[in-house]
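J.: The following block contains the structure, expressed as structure tokens.
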Amino acid sequence: MLMSVRMAPRLPLIFLLMIHGFSSADWGVSYSHSHICALKDSSVIMSCTYTYPTGHQIKNVFWTENTDKEPPDLSEDPEYSQRLQYLGDKQQNCTIRLSHVTQKDEHMYYFRFTTNKDGGKWIGKPGVTLTVTDDTDLQVESPERVTEGDSVRLTCKSSCTLTDRATFIWYRNSQPLTERRDTNNQLLLQSVRREDAGRYSCALHGHTYISPAVHLNVMYAPTSVSLSISPSGEIVEGDSVTLSCSSDSNPPAEISWFKGRTSVGSGRIYSISEISSDHSGEYRCKSINKHGEKYSHAVTLNVMYPPRNISVSISPSGEIVEGDSVTLICSSDSNPPAEISWFKGGTFVGSRRIYSISKISSDHSGEYKCKSRNQHGEQYSDIVILSVIWFKGGTFVGSGNTYSISNISSDHSGEYKCKSINKHGEKDSDAVTLNIKSVRCFSSVAVVVVSAAAAAVGVLFGGASGAFVMYICLTKRTNRRSAMKESVISDPNEDTYTALELKSTTSDLYDTLTINRKMLQ
Ligand SMILES: *[C@@H]1O[C@H](CO)[C@@H](O)[C@H](O)[C@H]1NC(C)=O
């Protein structure tokens, strides 16, 4: 192998020297194109130069289609005589022009010349290949899909590359492109935009044929992501609400939904069939495809609802002392905020959230309630009873301050009254008359007076602070024996009187005890 490679170039040289007796370096034909592609009916120029040893004079020059010993001169062929034009000379230029080419002209072309010396002749091998193409061959070659920003090259191809400088015309969606961005048979879309997408076709200037269209698909990340809400107006609890997300992207984007930072759904439409106040918040949608993602602006869903959870609180929370400042606060949950009205009994007394009584008196005692109202509904609070009681007199019963009489006898008949003392002053109660008439009685009589300790007071008045002392003084009025059977109640929280069983007594006594209970409630 090595030997044959080395030997190969030498053999023809030696052979040529033997035949012609001179160096082939002096003889030659050079074609500027070895292969020419021409459009049917166009003219073809085959550029060519030739050399020969000095001293020779050119006798004959012509082009031929074969390399036979005596090849025919093409210009004498009737098929070519009208169309072939020798543009060269008899020195070195052998350029020729062939016009109105057809498929029949597709073969090899050689330049042949002879000189005056020793039958000197030469044929330029290899020759020129001519291919004739039809404009109906035109095809647009384009990448199927490109991404926005890419540099894209579209080629208008024929079955062979046209050698002659032809002018191409480009079309997008059948409209000729006025902005010229093409060179030779290529259309260059530098930094392609989504507007460049479309059906591209090409044609040759001066020819009517237009190539089939090729679709250029330009991909891009989502843009102009927008969110809309239906219905567009006020949203009330229980409504059906639809959020729609739209965006421009290629390929189509996937949509996901966010409430605040929490993902709540996917798909172009997000529906809430029965909206509640829990759905209030900021919503956004996200549009994503493989080229990027984008969020919509945030839209606030403000769900309206009628008042609920209405309640009244009283301050101070403990016992209310005449002269105190008392505030009643009405609270409720609603959207939009509610208007508040206060009622004492059935009478409207105020319209602010806080109802204040600066110097309370017993006249203020009563049943209070508030009403919360907005355009979506109204609700009343429970009734709150305001009792201003302390200075009306009375005595502690039940609730830790045990007041009991065991083995009552007629000795206990008489007027009872009590005195109450606290930090605000002191006051005597109205007198109570105990009239014990019956003869049957029990062996012993005792009066239990309970001094109220702070703890016991706390039980009765719900955490009132401040110690006060109360005692009951018993005044004996008659010596008549009691007709009452009593049972002692050891539980200080129970109402002593409830257990007091009247066997036989005057209605006076019963009434009095009943009155006292009422006063103490
Ligand atoms: C040969 O002749 C042609 C036609 O006159 C001309 O266009 C071309 O430039 C010439 N070539 C050379 C190498 O002189």
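J.: Just to confirm the filter: which GluC sites (Glu not before Pro) across the range 169-268 are DSSP coil and have at most 12 other Cβ within 10 angstrom of their Cβ?
T.: Answer by residue number: GLU179, GLU234.
J.: For GLU70, GLU141, write out the residues from largest to smallest accessible area, computed with a 1.4 angstrom probe and no ligands counted.
T.: GLU70, GLU141
J.: In nm, to one decimal, how far is the modelled label at ALA446 from the one at ILE314, with both set 7 Å along Cα→Cβ?
T.: Distance between label points: 3.7 nm.
J.: Leaving out ligands, DNA and RNA, and with a 1.4 Å probe, what % of the accessible surface on the range 307-382 is carbon or sulfur?
T.: 42 percent
J.: Kirkwood hydrodynamic radius (Cα pairs, Å) of the range 307-382?
T.: Hydrodynamic radius (Kirkwood, Cα only) of the range 307-382 equals 12.8 Å.
J.: Could you work out how far apart the two model spin labels at SER43 and SER361 are, taking each label as a point 7 Å from the Cα in the direction of the beta carbon, and quote it in nm?
T.: Using points 7 Å along Cα→Cβ, the separation is 12.7 nm.
J.: Counting only protein heavy atoms and a 1.4 Å probe, tell me what percentage of the range 77-208's accessible area is made up of carbon and sulfur.
T.: 43 percent
J.: So how compact is the range 219-301: Cα radius of gyration and Dmax in angstrom?
T.: 13.0, 42
J.: A further question follows. If contacts are Cα pairs under 8 angstrom and at least 6 residues apart, what is the relative contact order of the range 219-301 in percent? Intermediate values should be presented prior to the final figure.
T.: Values: 200 pairs, mean separation 30.3, N = 83.
Reported as a whole number, the value is 36 percent.
J.: Could you give me D for the range 111-203, from Stokes-Einstein at 10 °C and 1.306 mPa s, where the hydrodynamic radius is the Kirkwood radius over C-alpha pairs? Units µm² s⁻¹, please. Intermediate results must be reported in sequence, preceding the final value.
T.: Working: Rh = 16.2 Å.
In µm²/s, the coefficient is 98.
J.: Are there chymotrypsin sites (Phe, Trp or Tyr not before Pro) in the range 184-278 that DSSP puts in a loop and that have at most 16 other Cβ atoms within 10 Å, and which ones? Write down the numbers at each step before the final one.
T.: Working: sites: TYR200, TYR209, TYR220, TRP257, PHE258, TYR270; in loops: TYR209.
Answer by residue number: TYR209.
J.: Go ahead and run the numbers for FRET between GLU70 and SER151, Cβ-Cβ distance against an R0 of 51 Å, rounding to 0.05. Before the final figure, lay out each step's value.
T.: Details: r = 56 Å, r/R0 = 1.10.
It comes to 0.35.
J.: So what is the diffusion coefficient of the range 76-151 in µm² per second by Stokes-Einstein at 25 °C and 0.890 mPa s, using a Kirkwood Rh over Cα pairs?
T.: The diffusion coefficient I find is 149 µm²/s.
J.: In addition: Provide the packing ranking of 326-333, 71-78, i.e. peptides ordered by the mean count of other C-beta atoms within 10 Å per residue, highest first.
T.: 326-333, 71-78
J.: Quick check: pseudo-label points 7 Å beyond the Cα along Cα→Cβ at ASN217 and ARG199, how many nm apart are they?
T.: 1.6 nm
J.: Please work out the C-alpha center-to-center distance from the range 297-358 to the range 165-181 and express it in whole Å.
T.: Taking the Cα centre of the range 165-181 as reference, the centre of the range 297-358 is 78 Å away.
J.: When only DSSP loop residues count, what trypsin sites (Lys or Arg not before Pro) in the range 49-106 have their Cβ near at most 15 other Cβ atoms within 10 Å?
T.: LYS69, LYS90
The values are calculated or read from the model by the stated rules, or taken from the named source; none is laboratory data. Keep in mind that this is a model prediction, so the values were computed, not measured. Here the Cβ is made from the backbone with ideal geometry for all residues, glycine too, and neighbour counts use every protein chain on show. With ligands, DNA and RNA removed, areas are computed over all heavy atoms of the protein, side chains included. Shrake-Rupley method; radii C 1.70, N 1.55, O 1.52, S 1.80 Å.
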